[in-house]
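Visitor: First the structure, which I've put down as structure tokens, then a few questions once you've had a look.
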Amino acid sequence: MTPAPAPEVLQAPLVVEFPFTRSLGPVQSAFLTGLRERTVLGVRTSDGRVLVPPVEYDPVTAGELRDLVQVAPTGTVTTWAWNPAPRRGQPLTTPFAWALVRLDGADTALLHALDAPGPEAVHTGMRVRVRWAGEREGAITDIACFEPYADADADADADDAADADADDAAHLPEPAPHDGRFDAPVTGIVAPARLDYTYAPGRAQSRYLAALAGRKTLAERCPSCRKVYVPPRGACPTCGVATDEQVEVGPGGTVTTFCIVNIKARNLDIEVPYVYAHIALDGADLALHGRIGGIPYDQVRMGLRVTPVWAEGGRYPDHYRPTGEPDADYDTYKELL
């Protein structure tokens, strides 16, 4: 086929979001519950160092750690970077510094936001203290941020600020033992993970998406190994050469493998359980992803012949349904698993 002229390269804002739910062991539970009570806990290692945030296993010996200690809400900046344009979900909405703060009594530094009027007001060795959130729930955000703190001690020397012996030089108090017990301890958290970005598919996938709008599936063939890739990548991942020959594939295809989804996704109006499959379109050497519909989930199988179903006004297939043809022989798709 004669290469088609490249359409205008597309762009679209995309969001990847996944709220991660995790349970907490005794050390992390005590640490986060302590923050709710305006108490900062660390853990002492076998060699006597105090780690903040605490960990459950010694990074040197891999032994279990349970010796909790309370450290001060004041500390020293060991290093920092200015953030002139805060993003959605960051601790402060105005420009601030990301800082590593070694709290008094700790031997490691905690990463958090430092509220300062400008980068000229921040320096390594400066003294800071915790600014607690007004409403606390047992999360790292219970520390709203750090703020400059002028106490009786002078700023630590820049070299000392990065050295565990700075505590001795500044005559800081020893961390106090703590049993880690609190009323209504926090036993689990939901950590939101979100990525906002602009996706530019490039010329090859722009052609592919434009063809989908016309209910055609456009692949590209490698001029060297002759494999046909869909969606096209612009280059052959095997040979490393450009793929500029367009080939129409499908519309029918074969289910090569699949999974049954039993967890309902947020903002996705599909009842569970449903099936998501790898589908090798006729003429393609690479399987693409697609949802299988029009058949009970427990009747989906490898080798099932399917065809795309387009949503009304849709620019891409909504799902794939069985064609009624006999199942494909395993040997015809085993290389595409």
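The values are calculated or read from the model by the stated rules, or taken from the named source; none is laboratory data. This structure is a prediction, so every number in the text was calculated from the model and none was measured. When we count neighbours, we look across all protein chains shown, and the Cβ atoms used for this are built from the backbone with ideal geometry, even at glycine. What goes into the accessible areas is simple: the full protein's heavy atoms, side chains included, and nothing from ligands, DNA or RNA. Shrake-Rupley method; radii C 1.70, N 1.55, O 1.52, S 1.80 Å.
Visitor: How large is the accessible surface per residue of the range 245-337, computed with a 1.4 Å probe and reported in Å² as a whole number?
Guide: Working: 5430 Å² over 93 residues.
Per residue, the range 245-337 has an accessible area of 58 Å².
Visitor: I would also like to ask the following. Arranged from highest to lowest average of other beta-carbon atoms within 10 Å per residue, in what order do the peptides 178-187, 108-117 appear?
Guide: 108-117, 178-187
Visitor: Pull up all non-local amide H partners of Phe96: gap of 5 or more, or a different chain, and H-to-H distance under 5 Å with H placed in the peptide plane.
Guide: Sorted by chain and number, the residues that satisfy this are Asn83.
Visitor: Could you report the accessible area of Lys334 in Å², rounded to 10, computed with a 1.4 Å probe on the protein chains as they sit in the structure?
Guide: Accessible area of Lys334: about 90 Å².
Visitor: Further question: Here are several values of log10 I(q)/I(0) by the Debye sum over Cα atoms at q = 0.09, 0.12 Å⁻¹: (1) -0.54, -0.93; (2) -0.74, -0.89; (3) -0.45, -0.82. Which one was derived from the coordinates shown?
Guide: This structure yields the entry labelled (2).
Visitor: Moving on to the next point. What is the helix-to-structure angle for 202-213, meaning the angle in degrees between its Cα long axis and the longest Cα principal axis of the chain, kept from 0 to 90 and rounded to the nearest 10?
Guide: That helix lies at roughly 60 degrees to the long axis.
Visitor: Quick one: net charge of Gln205's neighbours, Cβ under 12 Å, K/R +1, D/E -1?
Guide: Computed value for this residue: +2.
Visitor: How large is ³J(HN,Hα) for each residue in the range 73-87, as worked out from phi by the Karplus curve 6.51 cos²θ - 1.76 cosθ + 1.60 (θ = phi - 60°), to whole Hz, x for Gly and Pro?
Guide: Taking θ as phi minus 60°, the curve returns x, 10, x, 10, 6, 9, 6, 7, 8, 7, 10, x, 9, x, 9 Hz for the range 73-87.
Visitor: Under a plain spin-label model, where a point goes 7 Å from the Cα along Cα-to-Cβ, how far apart in nm are Trp310 and Glu64?
Guide: About 6.1 nm, to one decimal.
Visitor: Treating the angle as unsigned and between 0 and 90°, give the value, to the nearest 10°, between the Cα long axis of helix 26-36 and the longest Cα principal axis of the chain.
Guide: So the helix axis and the longest Cα principal axis differ by about 70 degrees.
Visitor: Please give the contour-minus-distance gain from Asp269 to Val55: 0.36 nm per residue of separation, less the Cα-Cα distance, rounded to one decimal in nm. Show your work: numbers first, answer last.
Guide: Working: separation 214, 0.36 × 214 = 77.04 nm, distance 4.00 nm.
In short, 73.0 nm is gained.
Visitor: Next question. For Ala213 paired with Gln90, estimate the spin-label separation in nm (one decimal), with each label point 7 Å from Cα along the Cα-to-Cβ line.
Guide: So the two model labels end up 3.5 nm from each other.
Visitor: Let me ask something else. Please list, in order along the range 118-127, the HN-Hα scalar couplings obtained from phi with the Karplus expression 6.51 cos²θ - 1.76 cosθ + 1.60 (θ = phi - 60°), rounded to whole Hz, x for Gly and Pro.
Guide: x, x, 5, 8, 10, 7, 5, x, 5, 8
Visitor: Given 0.36 nm per residue, what is the gain on full extension from Asn262 to Tyr330 after removing their alpha carbon distance, in nm?
Guide: This chain segment gains 21.8 nm when fully extended.
Visitor: In addition: Enumerate the calculated ³J(HN,Hα) couplings along the range 250-259 in order (Karplus 6.51 cos²θ - 1.76 cosθ + 1.60, θ = phi - 60°), each rounded to whole Hz, writing x wherever the residue is Gly or Pro.
Guide: Running phi through 6.51 cos²θ - 1.76 cosθ + 1.60 with θ = phi - 60° gives x, x, x, x, 10, 6, 8, 7, 7, 9 Hz.
Visitor: A further question on this structure: Taking amide H atoms as placed 1.01 Å from N in the peptide plane, list the residues 5 or more away in sequence, or in a different chain, whose amide H sits under 5 Å from that of Leu281.
Guide: When sequence neighbours closer than 5 places are left aside, the close amide H contacts are Thr254, Leu288.
Visitor: Once you charge only the Cβ atoms, +1 for Lys and Arg and -1 for Asp and Glu, what is the size of the charge dipole of the chain about its Cα centre, to the nearest 20 debye?
Guide: About 1840 debye.
Visitor: Which percent of the accessible area of the chain is formed by carbon and sulfur heavy atoms (probe 1.4 angstrom)?
Guide: Ligands and nucleic acids excluded, carbon and sulfur give 52 percent.
Visitor: Could you name the lysines in cross-link range of Lys227, using Cα to Cα under 28 Å and dropping any fewer than eight places away on the same chain?
Guide: Lys216, Lys334
Visitor: Take every Cα pair under 8 Å in the chain that's 6+ residues apart, average their separations, divide by the length, and report that relative contact order as a whole percent. Before the final figure, lay out each step's value.
Guide: Values: 746 pairs, mean separation 52.9, N = 337.
In percent, rounded to a whole number, it is 16.
Visitor: Could you pull the accessible area for Ser224 with a 1.4 Å probe, rounded to 10 Å²?
Guide: Solvent-accessible area, nearest 10 Å²: 80 Å².
Visitor: Next question, about the same structure. At Thr21 and Arg181, where each label point lies 7 Å from the Cα along Cα→Cβ, what is the point-to-point distance in nanometres?
Guide: A separation of 3.0 nm, rounded to one decimal place.
Visitor: Let me ask something else about it. Order the following by accessible area, largest value first: Arg266, Arg207. Probe radius 1.4 Å; ligands, DNA and RNA are ignored.
Guide: Heavy-atom accessible area, descending, gives Arg266, Arg207.
Visitor: Taking H placed 1.01 Å from N in the peptide plane, check which residues at least 5 places from Tyr57 or on another chain put their amide H under 5 Å from its amide H.
Guide: Leu65
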